[in-house]
1. For the range 1-73 and the range 134-195, what is the separation of their Cα centres, given in Å?
2. Can you list residues whose amide H is under 5 Å from residue 103's amide H, if they're 5+ apart or on another chain and H is modeled 1.01 Å from N?
3. Please give the per residue accessible area of the range 27-71, computed with a probe of 1.4 Å over protein heavy atoms only, in Å².
4. Using Cα positions and a limit of under 30 Å, work out the lysines in reach of residue 56, with same-chain residues fewer than 8 apart set aside.
5. In whole percent, and with a 1.4 Å probe on the protein chains, what portion of the accessible area of the range 104-195 is carbon and sulfur?
6. Would you kindly state how much longer the chain becomes between residue 189 and residue 131 on full extension, computed as 0.36 nm times their sequence separation minus their alpha carbon distance, in nm to one decimal?
7. Just round it to a whole percent: the fraction of Cα-Cα distances in the range 81-168 exceeding 23 Å.
8. Given the convex hull over the Cα atoms of the chain, what projected area results after averaging over all orientations, in nm²?
Amino acid sequence: MASSTPLAAYRITPGEGNLRTLRLDDSLIGLKRWQFQGERAERPTEFGAEWTGDRKGREAEFASDCPGAPVFSRRLAGRLGDQLEKAGRLVPVRVAGTAADDYVLYVVESLVDCLDTRRSSQPKKATGEMKKMVFRPEAYPVDLPAFRVPEFPVAVCWNGWMLDLLKDVVGDDVIGRLLWSPDPAAAPHPDPWGV
């Protein structure tokens with residue numbers, strides 16, 4: 001079911017349709033603090049969340065649309081575990097109203113200096129959000145499933161091969177928004193970080 005460009009960066013979101021997603025509680029603040037400050041901040045060890053969306057909808061396995069806080073079902077994380085370990089770690093998510101820890105947040109620890117700052121848009125002061133991201137091919141971490149960049153550390157960029165792997169497991173329950181490709185014919189998403 002390969003549909004992405006393997007050497008390309010994406011933002012991955014839950015698919016469209018009647019999927020329920022998880023919204024993190026205030027624990028998201030601790031994650032962002034750690035993403036911005038690195039080792040000067042406390043490393044997150046657990047998260048809390050609640051389901052959003054139509055109660056009749058299906059619970060998503062890639063369950064968060066927050067750009068820097070990807071949440072996986074334990075089943076999905078188990079299928080991808082070896083790949084995910086290359087760039088970060090899985091942290092339990094306590095879902096309100098449930099006893100089991102059926103979901104985990106993927107804390108992407110790999111912070112890679114690979115952005116071409118001259119050709120990328122300026123980061124917004126408050127969030128670091130960048131509408132246009134261009135990467136230096138010689139520094140691009142093609143071997144990692146996901147990574148973050150110092151200029152926009154609260155967002156996770158995904159490699160095309162990882163998007164393909166996710167689609168192989170969950171199909172259209174995930175969508176990739178193209179951030180960058182070295183192929184000049186590839187058109188990046190006009191608003192990749194918007195919800």
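The values are calculated or read from the model by the stated rules, or taken from the named source; none is laboratory data. All values derive from a computational prediction rather than experimental measurement. Accessible surface areas use protein heavy atoms only, side chains included; no ligands, DNA or RNA. Shrake-Rupley method; radii C 1.70, N 1.55, O 1.52, S 1.80 Å.
1. For the range 1-73 versus the range 134-195, the Cα centre distance is 15 Å.
2. Residues meeting the criterion, in which the H sits 1.01 Å from N, are 74, 93.
3. Result: 56 Å² per residue.
4. 167
5. So the carbon and sulfur contribution to the accessible surface is 53 percent.
6. 20.0 nm
7. 34
8. That works out to 10.9 nm².
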